[in-house]
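Reading through the structure tokens given below for one structure.
The values are calculated or read from the model by the stated rules, or taken from the named source; none is laboratory data. None of these values were measured; they are calculated from a predicted model. Cβ sites come from the backbone with ideal geometry, for glycine too, and all protein chains shown count toward neighbours.
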Amino acid sequence: MDPIQRGKIYKIKQIIRDKPYYMNYGLIENTIIKVIDISSDNKNFYLEVVGFNRKLAIAIDILQDIILEEVKDDKEN
Amino acid sequence: MTKKINTEKNLPKGCKECELGVIQKITIDLKRNLKRVKKIRIALVGQPNSGKSTFFNSLSVHKVNTANYYGTTVEYHVTTIFIKNYEIELIDLPGIYSLNYSDLAEKVTFEIITNVREEFKIDGIIQIVEAVSLPHALLLTLDLLTLDIPMVIALNMFDEARIKGVEIDIKLLENFLGIPVIPTVAIKGENTLKCILKLIAILDKSDYLESSDTTSFGGFIKEGNDLFYRASFSKEELPKVVEAYKKLWKSMVKEIFDATNCHFEKCKLVPACLMNIEKYAPNLISLANVRDEILKLKSNIIMSISSYVFSTSRPKPTFEDIIDKFVLHRFWGYSILVMVLFCAFYLAYFIGNFIADKIDIVTDPISDMVDQWAKSYGLLAPLITGFKDGLLGGIGIVIPYLVPFLLFISILEDSGYIPRMMYLIDGLLRPLGISGRSVLSFVLGLGCNVSAIMSLRGLTKYNERILAGIVIPFVPCSARTVVIMALVTGTLGVLWGLSLYLFSLIVIVGVLFLINKLSRFSLHHFMIHIPPYRIPSIKLVGMKIWLRFRTFVFTAWPILILGTIILNYLSYFQLDKHINNIFSFVTVSLLGLPKETGIPLIFGLLAKEYALVMLYSALGTENIKSIMNDLQIFVFSIFILLYTPCISTIAVQVREIGLKFAVISILLSVSTALLSSFIASRMLSFIL
């Protein structure tokens, strides 16, 4: 997958490990996230878990555990 | 007769249901008939930052701290209230996302609500839900339902949700979950008592603990249930699906419970058993797949419930999104961060200085008058003047700077800006072995190092907790800020005051770098929730200032007065010289300070602000510049800033990170203080 980009919308396709842990933060398979910002050092991103009305700041390292799939804007609506 | 309060109509005229007067009145009424009182225990459970402590405060005389970030409460608080014929022990618990806890604070909640701690048997639960994030809160709701404890949901911050365009069908939600749901605004005390009354009504019924049966996972599938293969459920199906979910959880847990002798023996059947299969029951690893299926079912139930009861018509981008664009910007974000901290310091100093000047106009003549009057009392004179010095020292030196600084810290906490700071700073901290999550503790350290170290319970990684626990005492707390503002900024100027903050920052980075180089800690993934921005409520900010300020008034101030009395008697009997002589190697030879600074430094061990007031007392004047030159003032301040944490901080360090690491922290502080003060006394002699 292409690197995460600011302003884009992604669907959580699969969580490979630590499902219960990620679930606590609203990161569940098939939920939609919107990347609001990426930190200046590209280490963290700031996102909105759309269905849960929650915003998260999260290390980009979690992409080792979570597979994302980009979706078009109109799918969010 | 016991006064019965069932509805708002029955409340005394002019009283809202949340007002303490009502609770106290009921208490008085009940004291007449204590024999008939039933004791129950109600736990306030909810995800972090849902308003549990605010809910607690609306019903309790004993207030606890609140803030707009995740993890404000790290230990439980208990209060007793009397309602109807019940004596209710209300427990405010740390936030928990689900029964799968991940840090020490969440573990406290888990152990209490699953009755692992036998001293806390919970009779009822009020789940505090942040209305705007209801779908997320349902993760915890479904877990709590499996505990079979009578439960009520408080849909908190309901007013805020309406403003944000959130609509919630409460009747339908009650139907799906089978428990009462009450909209509340805890900050105004709206409907908080109603939640308690509703829970009491459930407890009054004898059949409230009717437990649902368990069902085996295999049997469930064989019966032709297709729950696991469907992504959504109809309105009619959902109440049954929720029941089925509860049974499934229990059956899985029971299976583990029967097959292992793990430590869950003491627990009720809780979902956490399933969550931690890999860790606690590796022989049942195959159940992990079943667990994942059930988690999928759980999320499908939540999504289905949300689609029927929850809707939002918020226009995008929101005002919050626009602010975030600046606050988190690669350039503007850091500029705003520096500006916010500078303004907080400068305004606190400006206001503090203004108030201190005004107080001096009143207290100086009083002080002179008391000194004159006390002379004729012989042996009692040191007592009178010592009492006066301690009292006026608190009023004229500590309070003017402490209160404005606490005001800005409180506003910062309630605004929602601190978690955004964590996000900005995380990248800078990682090479030092700590993550952005620790930033919260460091910011809290600006208020008080004790609460900062307590907040480390919210960190998931042990190493990070230890590292931050060692270094936090280097953060200039409000007591040290009083020293900086009154002594350095007041005599040398704002820039010299700010330079001490910068110096502290350099020391913190240096110490972190050093420890990290020696131990090479690994970090857990950084992940935090960012709360919405909120305009700080005057009432809450006032309460927070008072909570912190009262520690000074009731604990520190009496000791300060006692200290100045002791110092005056030491001086009266000329014993102070002997004590100062003992420390003169450090104060005079090493740091080039006046000999009289020895005793103030000893008292500074109790609390840093003591050192300042005691210095004034030891030198016999508030005009420090007449006795000490600029360099000595600056060196003294550096030493005060760094040498050993205060006694309360040391006690909390021993409890939270252990004796070994507390001793390391003290040794680091002392050596850093001696080294940096010594270097400053030699190097800065050309400038100051």
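Out of (1) away from chain A (no Cβ under 14 Å); (2) touching a residue at least 40 places away in the same chain (Cβ under 8 Å); (3) not small (Gly, Ala, Ser), the odd one out for residue B:166 is which?
Every listed condition holds for residue B:166 apart from (1).
Please determine, by comparing only the residues of the range B:130-151 that are among the charged types (D, E, K, R) and within 14 Å of another protein chain (Cβ to nearest Cβ), which one is farthest from the chain's Cα centre (by Cα).
Residues of the range B:130-151 that are among the charged types (D, E, K, R), as a first pass: B:130, B:143, B:148.
Next, only the ones that are within 14 Å of another protein chain (Cβ to nearest Cβ) stay: B:130, B:143.
Working: B:130: 18, B:143: 25 Å.
So, considering only residues that are among the charged types (D, E, K, R) and within 14 Å of another protein chain (Cβ to nearest Cβ), the one farthest from the chain's Cα centre (by Cα) is B:143.
If you go through the range A:28-44, how many residues are at the interface with another protein chain (Cβ under 9 Å from one of its Cβ atoms) and either within 15 Å of residue A:11 (Cα to Cα) or of a type outside the set (Gly, Ala, Ser) (or both)?
Step one: filter the range A:28-44 for residues at the interface with another protein chain (Cβ under 9 Å from one of its Cβ atoms), giving A:28-31, A:36-37, A:39-44.
Then drop every residue that is not either within 15 Å of residue A:11 (Cα to Cα) or of a type outside the set (Gly, Ala, Ser) (or both), which leaves A:28-31, A:36-37, A:41-44.
Final tally of qualifying residues: 10.
Residue-wise test of (1) touching a helix residue (DSSP H, G or I) at 6+ places or on another chain (Cβ under 8 Å); (2) closer than 30 Å to residue B:568 by Cα; (3) not in a helix (DSSP H, G or I).
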| residue | (1), (2), (3) |
| --- | --- |
| B:316 | no, no, yes |
| B:367 | yes, yes, no |
| B:372 | no, yes, no |
| B:388 | yes, yes, no |
| B:401 | yes, yes, no |
| B:405 | yes, no, no |
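Within the set of pairs 6 or more residues apart or between chains, which connect a residue that is farther than 14 Å from residue B:299 by Cα inside the range B:230-248 to a residue that is of a type in the set (Gly, Ala, Ser) and not in a helix (DSSP H, G or I) with Cβ atoms less than 7 Å apart?
Qualifying pairs under 7 Å: B:239/B:178; B:243/B:212; B:247/B:212.
Select from the range A:45-65 the residues that are assigned to a helix (DSSP H, G or I), at the interface with chain B (Cβ under 7 Å from one of its Cβ atoms) and in contact with a Ser or Thr (Cβ under 9 Å, 6 or more places away or on another chain) and list them in ascending order. Working first, answer last.
Of all residues in the range A:45-65, those assigned to a helix (DSSP H, G or I) come to A:50-52, A:60-64.
When the remaining residues are screened for being at the interface with chain B (Cβ under 7 Å from one of its Cβ atoms), the result is A:51-52, A:61-62.
Selection gives A:51, A:52.
Here are B:659, B:619, B:641, B:668: which of them is surrounded by fewer than 18 Cβ atoms within 10 Å (Cβ to Cβ) and at pLDDT 90 or above? Let's see the steps before the verdict.
Working: B:619 fails: at pLDDT 90 or above; B:641 fails: surrounded by fewer than 18 Cβ atoms within 10 Å (Cβ to Cβ); B:668 fails: surrounded by fewer than 18 Cβ atoms within 10 Å (Cβ to Cβ).
Unique residue meeting the criteria: B:659.
Here is a yes/no grid of residues against (1) under 33 Å from the mean Cα position of the chain (by Cα); (2) under 28 Å from residue B:485 (Cβ atoms); (3) outside any helix (DSSP H, G or I); (4) not assigned by TED's automatic domain parsing to the domain that holds residue B:394:
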| residue | (1), (2), (3), (4) |
| --- | --- |
| B:295 | yes, no, no, yes |
| B:307 | no, no, no, yes |
| B:352 | yes, yes, no, no |
| B:362 | no, yes, no, no |
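Could you identify the single residue in B:634, B:639, B:661, B:603 that is of a type in the set (Phe, Trp, Tyr) and over 29 Å from residue B:549 (Cβ atoms)?
Details: B:634 fails: over 29 Å from residue B:549 (Cβ atoms); B:639 fails: over 29 Å from residue B:549 (Cβ atoms); B:603 fails: over 29 Å from residue B:549 (Cβ atoms).
Just one listed residue meets the conditions, B:661.
Kindly provide the set of residues from the range B:421-437 that are under 18 Å from the mean Cα position of the chain (by Cα) and at the interface with chain A (Cβ under 8 Å from one of its Cβ atoms), ordered by number. Step through it out loud before you land on a result.
Quick first cut of the range B:421-437, residues under 18 Å from the mean Cα position of the chain (by Cα) only: B:421-422, B:436-437.
Hits for the range B:421-437 are B:422, B:436.
Give the residues of the range B:90-117 that are free of Cβ contacts under 8 Å to residues at least 12 places away in the same chain and either part of a helix (DSSP H, G or I) or surrounded by 24 or more Cβ atoms within 10 Å (Cβ to Cβ) (or both), sorted by residue number.
Of the range B:90-117, the ones free of Cβ contacts under 8 Å to residues at least 12 places away in the same chain are B:107, B:111, B:117.
Listed by number, the residues that qualify are B:107, B:111.
Given the condition touching a Leu at 6+ places or on another chain (Cβ under 9 Å), crowded, with 18+ Cβ neighbours inside 10 Å and either hydroxyl-bearing (Ser, Thr, Tyr) or over 24 Å from residue B:466 (Cα atoms) (or both), answer yes or no: does some residue in the range B:646-656 qualify?
No, that holds for no residue.
What tally of residues in the range B:575-612 results from selecting those that are in contact with a Ser or Thr (Cβ under 7 Å, 6 or more places away or on another chain) and modelled with pLDDT under 85?
The qualifying residues number 1.
Residue-by-condition table, conditions (1) more than 10 Å from every other protein chain (Cβ to nearest Cβ); (2) surrounded by fewer than 22 Cβ atoms within 10 Å (Cβ to Cβ); (3) modelled with pLDDT under 90:
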position	(1), (2), (3)
B:87	yes, yes, no
B:119	yes, yes, yes
B:128	yes, no, no
B:153	yes, no, no
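Quick check, is residue B:523 under 26 Å from the mean Cα position of the chain (by Cα), at pLDDT 85 or above and either outside the structural domain of residue B:481 (by TED's automatic domain parsing) or not small (Gly, Ala, Ser) (or both)?
On the way: under 26 Å from the mean Cα position of the chain (by Cα): yes; at pLDDT 85 or above: no; either outside the structural domain of residue B:481 (by TED's automatic domain parsing) or not small (Gly, Ala, Ser) (or both): yes.
No: the conditions fail for residue B:523.
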